[in-house]
Amino acid sequence: MRIHVNHLARYPALSVYLRYGNRVGLFVALLVGAIGSVATAAPLTIMFYADRDVAGIGEKVHWTIWAELPEDAPPNSEILGFTGDFRPRNLFSGVAARPTALAFAERTQPVIEGAALSGVEIARTHSASSLPRQIPLYTFVTEMSSAQRPLWYDLDATVLVSSPQGVLFYQRDDGQSTLGEPIRVYSDTVNMRGCGQADIAEPFGDLNTADIERFVEFFHAGAPIADIVSPFGVVDFGDLSRFMQLYSVGCYQSR
(Lines give C-alpha, C1' and ligand atoms only; values in the text may rest on other atoms or scores of the structure.)
Protein backbone atom coordinates (compact mmCIF):
# COMPACT_ATOMS: atom_id res chain seq x y z
CA MET A 1 0.00 0.00 0.00
CA ARG A 2 1.45 3.40 -0.99
CA ILE A 3 0.67 6.47 1.11
CA HIS A 4 1.64 9.95 0.02
CA VAL A 5 4.28 11.51 2.29
CA ASN A 6 2.38 14.79 2.57
CA HIS A 7 -0.66 12.94 3.82
CA LEU A 8 1.32 11.20 6.55
CA ALA A 9 2.80 14.52 7.59
CA ARG A 10 -0.72 15.90 8.00
CA TYR A 11 -1.88 12.92 10.03
CA PRO A 12 0.91 11.50 12.24
CA ALA A 13 -1.59 9.34 14.15
CA LEU A 14 -2.68 7.64 10.93
CA SER A 15 0.92 7.07 9.85
CA VAL A 16 1.59 5.14 13.05
CA TYR A 17 -1.61 3.15 12.66
CA LEU A 18 -0.93 2.20 9.05
CA ARG A 19 2.68 1.34 9.80
CA TYR A 20 1.87 -1.14 12.54
CA GLY A 21 -1.59 -2.15 11.29
CA ASN A 22 -2.78 -3.68 14.55
CA ARG A 23 -4.26 -2.79 17.90
CA VAL A 24 -0.86 -1.83 19.30
CA GLY A 25 -0.36 0.58 16.44
CA LEU A 26 -3.82 1.99 16.96
CA PHE A 27 -3.16 2.49 20.67
CA VAL A 28 0.01 4.42 19.87
CA ALA A 29 -1.91 6.41 17.29
CA LEU A 30 -4.47 7.32 19.92
CA LEU A 31 -1.76 8.70 22.16
CA VAL A 32 -0.32 10.75 19.30
CA GLY A 33 -3.76 11.99 18.26
CA ALA A 34 -4.84 12.82 21.79
CA ILE A 35 -2.15 15.49 22.00
CA GLY A 36 -3.93 17.52 19.34
CA SER A 37 -7.47 16.59 20.25
CA VAL A 38 -10.22 19.04 21.08
CA ALA A 39 -12.99 17.91 23.40
CA THR A 40 -16.49 17.71 21.99
CA ALA A 41 -19.78 16.59 23.49
CA ALA A 42 -21.47 15.55 20.23
CA PRO A 43 -21.27 11.79 19.53
CA LEU A 44 -20.19 10.00 16.39
CA THR A 45 -22.94 7.67 15.13
CA ILE A 46 -22.54 4.13 13.79
CA MET A 47 -25.57 2.70 11.96
CA PHE A 48 -26.30 -0.97 11.12
CA TYR A 49 -28.75 -1.15 8.21
CA ALA A 50 -30.35 -4.47 7.15
CA ASP A 51 -32.00 -5.12 3.79
CA ARG A 52 -35.02 -6.77 5.49
CA ASP A 53 -36.75 -6.90 8.86
CA VAL A 54 -37.96 -10.53 8.67
CA ALA A 55 -35.99 -13.62 7.64
CA GLY A 56 -36.50 -17.38 7.83
CA ILE A 57 -33.89 -20.05 8.56
CA GLY A 58 -31.48 -20.30 5.63
CA GLU A 59 -32.27 -16.82 4.33
CA LYS A 60 -29.54 -14.19 4.11
CA VAL A 61 -29.60 -10.69 5.56
CA HIS A 62 -27.28 -8.11 4.02
CA TRP A 63 -25.93 -5.57 6.50
CA THR A 64 -24.29 -2.23 5.68
CA ILE A 65 -22.55 -0.23 8.40
CA TRP A 66 -22.41 3.55 8.06
CA ALA A 67 -20.69 6.20 10.14
CA GLU A 68 -21.98 9.75 10.61
CA LEU A 69 -19.67 12.49 11.83
CA PRO A 70 -20.69 14.44 14.94
CA GLU A 71 -23.08 17.33 14.45
CA ASP A 72 -20.44 19.85 15.48
CA ALA A 73 -17.58 18.36 13.44
CA PRO A 74 -15.71 21.14 11.56
CA PRO A 75 -15.67 21.15 7.74
CA ASN A 76 -13.09 18.80 6.19
CA SER A 77 -13.23 16.41 9.13
CA GLU A 78 -12.79 12.79 8.09
CA ILE A 79 -12.68 9.30 9.59
CA LEU A 80 -9.16 7.90 9.50
CA GLY A 81 -9.51 4.46 11.03
CA PHE A 82 -11.86 2.03 12.76
CA THR A 83 -11.08 -0.97 14.92
CA GLY A 84 -13.67 -2.96 16.80
CA ASP A 85 -16.11 -5.86 17.15
CA PHE A 86 -19.67 -6.18 15.82
CA ARG A 87 -21.70 -7.79 18.61
CA PRO A 88 -25.06 -9.42 17.71
CA ARG A 89 -27.98 -9.55 20.13
CA ASN A 90 -28.16 -13.33 19.66
CA LEU A 91 -24.79 -14.86 18.82
CA PHE A 92 -26.11 -18.03 17.20
CA SER A 93 -29.12 -16.59 15.38
CA GLY A 94 -27.06 -16.74 12.19
CA VAL A 95 -23.62 -17.13 10.62
CA ALA A 96 -21.80 -14.06 9.30
CA ALA A 97 -19.93 -14.21 5.98
CA ARG A 98 -18.39 -12.09 3.19
CA PRO A 99 -17.08 -9.19 5.31
CA THR A 100 -15.98 -6.34 3.05
CA ALA A 101 -14.61 -2.86 3.77
CA LEU A 102 -16.27 0.05 1.94
CA ALA A 103 -14.34 3.25 1.10
CA PHE A 104 -11.54 2.02 3.38
CA ALA A 105 -8.62 -0.40 3.26
CA GLU A 106 -9.06 -3.55 5.31
CA ARG A 107 -6.12 -4.09 7.68
CA THR A 108 -7.06 -7.58 8.88
CA GLN A 109 -9.69 -10.24 8.26
CA PRO A 110 -12.16 -10.36 11.16
CA VAL A 111 -12.74 -13.47 13.23
CA ILE A 112 -16.27 -14.82 12.73
CA GLU A 113 -18.15 -16.65 15.46
CA GLY A 114 -21.79 -17.19 14.70
CA ALA A 115 -23.25 -13.80 13.79
CA ALA A 116 -20.40 -11.90 15.48
CA LEU A 117 -17.39 -10.31 13.79
CA SER A 118 -14.35 -9.56 15.96
CA GLY A 119 -11.20 -7.67 15.08
CA VAL A 120 -12.57 -5.48 12.29
CA GLU A 121 -9.76 -3.06 11.37
CA ILE A 122 -10.02 -0.59 8.50
CA ALA A 123 -8.25 2.66 7.59
CA ARG A 124 -8.35 5.37 4.95
CA THR A 125 -5.49 5.31 2.48
CA HIS A 126 -5.86 8.86 1.17
CA SER A 127 -7.37 12.16 2.20
CA ALA A 128 -10.16 14.00 0.40
CA SER A 129 -10.84 17.70 0.09
CA SER A 130 -14.57 17.22 0.65
CA LEU A 131 -16.29 14.27 2.30
CA PRO A 132 -19.97 13.64 3.12
CA ARG A 133 -21.00 13.60 6.76
CA GLN A 134 -22.16 9.99 6.32
CA ILE A 135 -19.82 7.40 4.86
CA PRO A 136 -20.14 3.60 4.42
CA LEU A 137 -17.66 1.61 6.49
CA TYR A 138 -18.40 -2.07 6.05
CA THR A 139 -20.76 -4.73 4.77
CA PHE A 140 -21.38 -8.40 5.54
CA VAL A 141 -24.04 -11.08 5.23
CA THR A 142 -25.74 -13.07 8.00
CA GLU A 143 -27.36 -16.37 7.06
CA MET A 144 -30.12 -17.08 9.58
CA SER A 145 -29.52 -20.49 11.14
CA SER A 146 -31.80 -20.81 14.15
CA ALA A 147 -35.00 -19.54 15.68
CA GLN A 148 -33.12 -17.32 18.14
CA ARG A 149 -34.28 -13.76 17.65
CA PRO A 150 -34.36 -10.87 17.28
CA LEU A 151 -31.04 -10.10 15.57
CA TRP A 152 -29.57 -6.63 15.96
CA TYR A 153 -26.07 -5.29 16.51
CA ASP A 154 -24.08 -3.22 18.94
CA LEU A 155 -20.33 -2.74 18.87
CA ASP A 156 -17.13 -2.24 20.82
CA ALA A 157 -15.00 0.13 18.80
CA THR A 158 -12.45 2.91 18.57
CA VAL A 159 -12.71 5.41 15.71
CA LEU A 160 -10.12 8.03 14.75
CA VAL A 161 -11.38 11.30 13.25
CA SER A 162 -9.18 14.08 11.93
CA SER A 163 -10.23 17.73 11.87
CA PRO A 164 -8.51 21.08 11.35
CA GLN A 165 -8.23 21.31 15.15
CA GLY A 166 -6.48 17.96 15.58
CA VAL A 167 -7.23 14.24 15.85
CA LEU A 168 -10.03 12.91 18.04
CA PHE A 169 -10.74 9.34 19.01
CA TYR A 170 -14.23 8.03 19.76
CA GLN A 171 -14.71 4.90 21.81
CA ARG A 172 -17.49 2.52 22.89
CA ASP A 173 -17.11 -0.56 25.07
CA ASP A 174 -19.93 -2.83 26.25
CA GLY A 175 -22.56 -0.31 25.21
CA GLN A 176 -20.88 2.61 26.98
CA SER A 177 -18.49 5.37 25.97
CA THR A 178 -15.17 4.99 27.79
CA LEU A 179 -11.97 7.03 27.55
CA GLY A 180 -12.65 8.69 24.22
CA GLU A 181 -15.45 10.80 22.81
CA PRO A 182 -18.88 9.10 22.69
CA ILE A 183 -20.16 6.72 20.01
CA ARG A 184 -23.89 6.09 19.68
CA VAL A 185 -25.30 3.14 17.77
CA TYR A 186 -28.42 2.61 15.70
CA SER A 187 -29.30 -0.88 14.45
CA ASP A 188 -32.10 -2.31 12.35
CA THR A 189 -33.77 -5.38 13.86
CA VAL A 190 -34.37 -8.68 12.02
CA ASN A 191 -36.99 -11.12 13.29
CA MET A 192 -37.76 -14.65 12.23
CA ARG A 193 -40.99 -15.06 10.31
CA GLY A 194 -44.08 -14.88 12.46
CA CYS A 195 -44.17 -11.63 14.40
CA GLY A 196 -42.60 -8.28 13.77
CA GLN A 197 -40.29 -5.86 15.49
CA ALA A 198 -42.32 -5.81 18.69
CA ASP A 199 -41.71 -9.53 19.34
CA ILE A 200 -38.55 -9.25 21.44
CA ALA A 201 -39.15 -11.67 24.34
CA GLU A 202 -39.97 -15.34 24.76
CA PRO A 203 -42.23 -17.02 23.88
CA PHE A 204 -41.54 -15.88 20.32
CA GLY A 205 -44.39 -16.03 17.84
CA ASP A 206 -46.74 -14.27 20.22
CA LEU A 207 -47.06 -10.67 21.40
CA ASN A 208 -47.74 -10.33 25.11
CA THR A 209 -46.80 -8.31 28.20
CA ALA A 210 -43.35 -9.94 28.27
CA ASP A 211 -42.51 -8.04 25.06
CA ILE A 212 -43.61 -4.76 26.65
CA GLU A 213 -41.60 -5.39 29.80
CA ARG A 214 -38.51 -6.31 27.76
CA PHE A 215 -38.82 -3.20 25.62
CA VAL A 216 -39.06 -1.01 28.72
CA GLU A 217 -35.80 -2.58 29.96
CA PHE A 218 -34.09 -1.83 26.63
CA PHE A 219 -35.61 1.66 26.62
CA HIS A 220 -34.19 2.57 30.03
CA ALA A 221 -30.81 1.08 29.06
CA GLY A 222 -30.71 3.12 25.81
CA ALA A 223 -30.07 -0.10 23.84
CA PRO A 224 -29.99 0.07 20.01
CA ILE A 225 -32.95 -2.32 19.73
CA ALA A 226 -35.15 0.34 21.38
CA ASP A 227 -34.08 3.00 18.84
CA ILE A 228 -36.69 2.35 16.13
CA VAL A 229 -37.64 5.81 14.81
CA SER A 230 -35.83 9.02 13.88
CA PRO A 231 -33.81 10.71 15.29
CA PHE A 232 -31.64 7.60 15.32
CA GLY A 233 -28.94 7.38 17.94
CA VAL A 234 -31.30 8.76 20.59
CA VAL A 235 -33.79 6.58 22.49
CA ASP A 236 -36.79 8.75 23.40
CA PHE A 237 -40.56 8.66 23.77
CA GLY A 238 -40.97 8.61 19.99
CA ASP A 239 -39.44 5.13 20.05
CA LEU A 240 -41.78 4.09 22.86
CA SER A 241 -44.81 5.33 20.92
CA ARG A 242 -43.68 3.50 17.77
CA PHE A 243 -43.17 0.26 19.70
CA MET A 244 -46.73 0.41 21.02
CA GLN A 245 -48.00 0.96 17.47
CA LEU A 246 -46.06 -2.12 16.27
CA TYR A 247 -47.35 -4.11 19.22
CA SER A 248 -50.96 -3.22 18.42
CA VAL A 249 -50.56 -4.39 14.79
CA GLY A 250 -49.87 -7.95 15.93
CA CYS A 251 -48.09 -10.76 14.06
CA TYR A 252 -47.57 -11.11 10.32
CA GLN A 253 -45.94 -13.53 7.92
CA SER A 254 -43.79 -11.34 5.69
CA ARG A 255 -42.61 -7.81 5.29
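The values are calculated or read from the model by the stated rules, or taken from the named source; none is laboratory data. In this text the structure is predicted, and so the values were computed from the model without any measurement. Here the Cβ is made from the backbone with ideal geometry for all residues, glycine too, and neighbour counts use every protein chain on show.
Annotations
- Search result, residues across the stretch 237-255 that are closer than 15 Å to T189 by Cα and in a helix (DSSP H, G or I): D239, R242, F243, L246, Y247
Here is a yes/no grid of residues against (1) in contact with a helix residue (DSSP H, G or I) (Cβ under 8 Å, 6 or more places away or on another chain); (2) part of a strand (DSSP E or B); (3) not assigned by TED's automatic domain parsing to the domain that holds P231:
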residue	(1), (2), (3)
P70	no, no, yes
G81	yes, yes, yes
G84	no, yes, yes
R87	no, yes, yes
A96	no, yes, yes
P99	no, yes, yes
V120	no, yes, yes
T139	no, yes, yes
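- Flag: T178 matches the condition of being modelled with pLDDT under 90 and of a type outside the set (D, E).
- Qualifying residue in the stretch 122-129 (condition: in contact with a Leu (Cβ under 8 Å, 6 or more places away or on another chain), modelled with pLDDT under 85 and buried (at least 18 other Cβ atoms within 10 Å of the Cβ)): yes
- Any chance I46 is out of contact with any His (no Cβ under 8 Å at 6 or more places or on another chain), of a type in the set (A, V, I, L, M, F, W, C), in the same structural domain as R133 (by TED's automatic domain parsing) and in a strand (DSSP E or B): yes
- Enumeration of residues in the stretch 201-250 that are in contact with a strand residue (DSSP E or B) (Cβ under 6 Å, 6 or more places away or on another chain) and over 21 Å from M47 (Cβ atoms): G205
- Qualifying residues in the stretch 187-220 (those that are in a loop (DSSP other than H, G, I, E, B) and small (G, A, S)) - the one modelled with the lowest pLDDT: G196
- Selection status of Q171, touching a helix residue (DSSP H, G or I) at 6+ places or on another chain (Cβ under 9 Å), over 21 Å from A96 (Cβ atoms), assigned by TED's automatic domain parsing to the domain that holds R89 and surrounded by fewer than 22 Cβ atoms within 10 Å (Cβ to Cβ): yes
- Condition met for R89 (farther than 27 Å from G222 by Cβ, surrounded by 20 or more Cβ atoms within 10 Å (Cβ to Cβ) and either at pLDDT below 90 or touching a strand residue (DSSP E or B) at 6+ places or on another chain (Cβ under 7 Å) (or both)): no
- Subset of the stretch 185-204 (residues that are of a type in the set (D, E, K, R) and either more than 19 Å from S145 (Cβ to Cβ) or buried (at least 20 other Cβ atoms within 10 Å of the Cβ) (or both)): D188, D199
- Residues of the stretch 221-236 include at least one that is in a helix (DSSP H, G or I) and without any contact (Cβ under 8 Å) to a residue 60 or more places away in the chain.
- Selection from the stretch 83-103 of residues that are hydrophobic (A, V, I, L, M, F, W, C) and either touching a Gly at 6+ places or on another chain (Cβ under 8 Å) or within 20 Å of Q165 (Cα to Cα) (or both): L91, F92, V95, A96
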